[in-house]
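Enquirer: Provided herewith is a single structure, encoded as structure tokens, for subsequent inquiry.
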Amino acid sequence: MLIRFDSKAGTITMFGDVAINLLRMMGQSGSVPGAILAKDIPPALERLRQSVSGERDPAAKPKADEDGEPKVGLRQRAFPLIELLERAAKQNADVIWECETRTAL
């Protein structure tokens with residue numbers, strides 16, 4: 001499952017399990033679909049930043065998984081959402097999220 005975050009400030013899509021985890025870190029229920037009003041974004045953004053600040057530094061050399069691929073930490077996965085929330089807060093824009101529905105071509 002993919003979850004799409006939409007706002008006047010932009011759009012991002014991320015894996016559902018990661019998105020729900022990040023939503024809960026923001027103080028949201030994790031329900032999909034959902035929304036956050038512009039006035040509620042700054043405190044939610046701060047909670048998210050604090051939650052992921054304990055993650056390993058993304059500049060540090062990442063450990064590899066069993067296939068030899070570098071692991072992507074939660075801090076890195078949160079980065080696009082943090083940027084979207086920052087832009088939305090500056091533009092006083094609400095953010096909504098829902099399941100991404102794509103049709104095959």
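The values are calculated or read from the model by the stated rules, or taken from the named source; none is laboratory data. Nothing here was measured: the structure is a model prediction, and the numbers come from that model. Glycine gets a Cβ as well: all are built from the backbone with ideal geometry, and neighbour counts include every protein chain shown.
Enquirer: Taking the condition of being touching a residue at least 60 places away in the same chain (Cβ under 8 Å), out of contact with any Ser or Thr (no Cβ under 8 Å at 6 or more places or on another chain) and outside any loop (DSSP other than H, G, I, E, B), how many residues in the range 19-35 meet it?
Expert: We begin by selecting, within the range 19-35, every residue touching a residue at least 60 places away in the same chain (Cβ under 8 Å); these are 19, 23, 32-35.
Imposing the further condition that a residue be out of contact with any Ser or Thr (no Cβ under 8 Å at 6 or more places or on another chain) reduces the set to 19, 32-35.
Within this subset, residues satisfying the condition of being outside any loop (DSSP other than H, G, I, E, B) are 19, 34-35.
Within the range 19-35, residues that are touching a residue at least 60 places away in the same chain (Cβ under 8 Å), out of contact with any Ser or Thr (no Cβ under 8 Å at 6 or more places or on another chain) and outside any loop (DSSP other than H, G, I, E, B) number 3.
Enquirer: While we're here: Among the residues of the range 7-52, how many are within 18 Å of residue 79 (Cβ to Cβ) and acidic (Asp, Glu)?
Expert: So the count comes out to 2.
Enquirer: Going by what's in this entry, would residue 55 be described as modelled with pLDDT of 95 or more and in contact with a Lys or Arg (Cβ under 7 Å, 6 or more places away or on another chain)?
Expert: Numbers: modelled with pLDDT of 95 or more: no; in contact with a Lys or Arg (Cβ under 7 Å, 6 or more places away or on another chain): yes.
Spelling it out, it is not the case that residue 55 is modelled with pLDDT of 95 or more and in contact with a Lys or Arg (Cβ under 7 Å, 6 or more places away or on another chain).
Enquirer: Taking the residues in the range 8-33 that are under 13 Å from the mean Cα position of the chain (by Cα) and of a type in the set (Gly, Ala, Ser) as candidates, determine which candidate is surrounded by the most Cβ atoms within 10 Å (Cβ to Cβ).
Expert: Checked the range 8-33; the qualifying residue surrounded by the most Cβ atoms within 10 Å (Cβ to Cβ) is 19.
Enquirer: Got at least one residue in the range 77-93 being under 17 Å from residue 18 (Cβ atoms) and either modelled with pLDDT under 90 or outside any helix (DSSP H, G or I) (or both)? Show your work before the answer.
Expert: Residues of the range 77-93 under 17 Å from residue 18 (Cβ atoms): 77-85.
Add one more test, that the residue is either modelled with pLDDT under 90 or outside any helix (DSSP H, G or I) (or both), and what stays is none.
No; the residues of the range 77-93 include none that is under 17 Å from residue 18 (Cβ atoms) and either modelled with pLDDT under 90 or outside any helix (DSSP H, G or I) (or both).
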